[in-house]
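Report on the structure given below.
Read the figures in this text as sums done on the coordinates, not as results from a lab. Note that the coordinates shown come from a computational prediction; the quantities given were computed from them, not determined experimentally. Please note: Cβ atoms are built from the backbone with ideal geometry, for glycine as well, and neighbour counts cover all protein chains shown.
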Amino acid sequence: MNITVTLELAKRLLSAGEEPVSGQQLAEEFGISRTAIWKHMKELEEMGYEIDSVRKKGYRITKSPDNLEAFSVQNGLNTRKIGNHITHLEQCASTQIVAHKLAQEGAADGTVVIAELQTEGRGRLMRKWDSAHGKGIWMSVILRPDVPPHQAPQFTLVAAVAVVRAIQQVTGLEPMIKWPNDILFGAKKATGILTELQSDADGIQALIIGIGVNVNQQLDDFDASVQDIATSLSLESGTIVNRRELAQEILRCLERYTDMYIEHGFSPLKQLWEAHSATIGKAVRARMSKETLEGIAEGITEDGVLQLRTADGKLHGIYSADIEL
Ligand code: BTN
């Protein structure tokens with residue numbers, strides 16, 4: 001059975017929505033027999049699709065499996081550019097590595113790489129990112145904004161706002177952001193964002209925004225070393241969360257808020273970021289490579305730099321650190 005044809009058929013039926021498509025019509029469109037169409041339908045059922053075959057009218061998909069195939073994420077996405085091109089991989093070392101390569105090869109603004117499993121998922125500050133098979137959203141988005149390189153860190157904060165809003169929208173949960181872009185429930189982390197830059201003398205060539213969302217892991221799915229500091233949306237909500245709906249909403253929000261940023265600057269995004277912040281107004285410890293500072297996080301600057309006031313009254317600008325609340 002040709003798997004490409006099977007997936008193309010799924011795509012065709014999904015785009016028809018509720019409307020059944022007859023076996024005869026599919027056979028004509030795909031240039032194969034009706035028996036072959038029927039066999040592809042059985043194949044789709046084995047892959048986890050639920051297919052209603054309405055007598056005399058044809059086939060329609062009533063339920064899709066929980067995977068992030070490009071066409072199922074694109075179906076009903078309705079974005080202008082983010083997600084127009086999606087590379088979906090069953091497995092890769094890191095979607096960041098794949099996205100960097102695609103960006104160097106000229107991939108379009110808004111290209112997305114999604115994997116079901118990452119074997120070497122990477123986090124900020126050279127950490128490893130636990131990326132269990134089919135349990136989360138592991139994706140990297142290539143953006144090509146026309147802004148100077150010093151504005152790149154602001155995109156990290158914009159992405160955090162987008163992911164928080166998407167989580168709220170799809171699950172009703174109320175996550176908080178720990179500077180710069182960890183998404184938390186209480187003290188436990190559910191999402192991390194890693195922004196990497198490709199730039200040259202002409203400025204930013206590409207921003208690679210890596211988003212890792214722990215969606216349906218149960219406690220045992222996490223490595224023992226992170227069980228007391230990690231959580232998932234499923235653990236927080238007590239239900240299984242639809243990864244496809246969430247991935248779509250993240251892409252929509254990412255487009256909405258990056259557009260807002262490009263049109264109106266950082267101010268409206270700064271307000272949104274602060275409204276969801278778990279850091280501002282709190283006593284925090286900022287661990288940096290050369291020193292550790294303790295104080296009150298007073299806010300972020302227009303550049304997204306954390307303002308930390310230490311006990312001696314001095315205000316410090318924190319550009320990169322590990323923050324403990
Ligand atoms: C963090 O340390 O908080 C950032 C974690 C970012 C993880 C995501 S998962 C998709 C993308 N691919 C990676 O290897 N990392 C990012």
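Can you pull out the trypsin sites (Lys or Arg not before Pro) in the range 1-108 whose DSSP state is coil and whose Cβ has at most 12 other Cβ atoms within 10 Å? Show your work: numbers first, answer last.
On the way: sites: 11, 12, 34, 39, 42, 55, 56, 57, 60, 63, 80, 81, 101; in loops: 55, 56, 57, 80, 81.
Here the trypsin sites (Lys or Arg not before Pro) that fit, given the DSSP loop and packing criteria, are 55, 56, 80.
Tally the DSSP beta bridges in the range 1-116 and give the antiparallel ones as a percent, rounded to 5.
Details: 6 of 10 bridges.
Of all bridge pairs located within the range 1-116, approximately 60 percent are antiparallel.
Once phi is turned into ³J(HN,Hα) by the Karplus curve 6.51 cos²θ - 1.76 cosθ + 1.60 with θ = phi - 60°, what whole-Hz value does each residue of the range 166-176 show in order, with x for glycine and proline?
5, 4, 4, 4, 7, 10, x, 6, 10, x, 10
Sum -39500 (n - 2.57) across every DSSP H segment of at least 4 residues in the chain, then divide by the residue count to get the 222 nm mean residue ellipticity, nearest 500. Mind showing how you got there, number by number?
On the way: 9 runs with 106 residues, N = 325.
-10000 deg cm²/dmol, from helical runs alone.
Given N residues in the chain, what is its alpha carbon radius of gyration divided by 2.2 N^0.38 Å? Spell out each step's value before the answer.
On the way: Rg = 21.8 Å, N = 325, 2.2 N^0.38 = 19.8 Å.
Cα-based Rg divided by the globular estimate yields 1.10.
Among 125, 197, 89, determine the one that fluctuates most according to a GNM of the chain built with springs between C-alpha atoms less than 10 Å apart.
Its mean-square fluctuation being the largest, the pick is 125.
In the range 105-183, which trypsin sites (Lys or Arg not before Pro) fall in coil by DSSP and have 13 or fewer other Cβ atoms within 10 Å?
Values: sites: 122, 124, 127, 128, 135, 165, 178; in loops: 127, 135.
Listed in order of number, the matching sites are 127.
Which one, 41, 3, 107, projects farthest toward the positive side of the charge dipole computed for the range 1-111 from Cβ point charges (K/R +1, D/E -1)?
Final value for the positive-end residue is 41.
How high is the relative contact order of the range 179-254? Use alpha-carbon pairs under 8 Å, at least six apart in sequence, and give a whole percent.
Taking the mean separation of contacting Cα pairs over the length of the range 179-254, I get 25 percent.
Give me the Å³ per residue figure for the convex hull around the C-alpha atoms of the range 283-324. Walk me through the intermediate numbers first.
On the way: hull volume 2.6 nm³, N = 42.
Hull volume over Cα atoms, normalised by residue count, gives 62 Å³.
Take the chain, connect every pair of alpha-carbon atoms lying under 10 Å apart with a spring to form a Gaussian network, then pick out the residue of 277, 22, 232 with the largest mean-square fluctuation.
Checking each option, the largest mean-square fluctuation is seen for 22.
May I ask you to list the GluC sites (Glu not before Pro) in the range 92-162 that are in a DSSP loop and have at most 11 other Cβ atoms within 10 Å of their Cβ? Show your work: numbers first, answer last.
Values: sites: 105, 116, 120; in loops: 105, 120.
Within the range 92-162, the qualifying GluC sites (Glu not before Pro) (loop, at most 11 other Cβ atoms within 10 Å) are 105.
Rounded, prolate or oblate, given the Cα gyration tensor of the range 86-125, with a/c below 1.5 counting as rounded? Display every interim value, and only then the final one.
Working: a/c = 2.22, a/b = 1.39, b/c = 1.59.
Oblate shape, in that a/c is at least 1.5 and b/c is the bigger or equal ratio.
For the range 226-289, what does the alpha-carbon gyration tensor say about shape, rounded, prolate or oblate, given a ≥ b ≥ c as the root eigenvalues, a/c under 1.5 as rounded, and a/b over b/c as prolate?
Values: a/c = 2.37, a/b = 1.07, b/c = 2.22.
Oblate shape, in that a/c is at least 1.5 and b/c is the bigger or equal ratio.
Could you give each residue of the range 276-289 its phi-based ³J(HN,Hα) in whole Hz, using Karplus coefficients 6.51, -1.76, 1.60 with θ = phi - 60°, and x for Gly or Pro?
The phi angles translate into 9, 7, 9, 9, 5, x, 9, 7, 9, 10, 10, 8, 10, 5 Hz.
Give me the percent relative contact order of the chain, please, defined on Cα pairs under 8 angstrom at least 6 residues apart.
13 percent
Given +1 on the Cβ of Lys and Arg, -1 on the Cβ of Asp and Glu, and no further charges, what dipole in debye does the chain carry about its Cα centre, rounded to the nearest 20?
The calculation lands at about 360 debye.
Mind listing the phi-derived Karplus ³J(HN,Hα) values for the range 215-229, rounded to whole Hz, using 6.51, -1.76 and 1.60 with θ = phi - 60°, and x for any glycine or proline?
9, 10, 5, 9, 3, 5, 6, 8, 4, 3, 5, 10, 4, 8, 10
Express in whole angstrom the spacing between the alpha-carbon centres of the range 62-107 and the range 196-239.
Going from one Cα centre to the other spans 16 Å.
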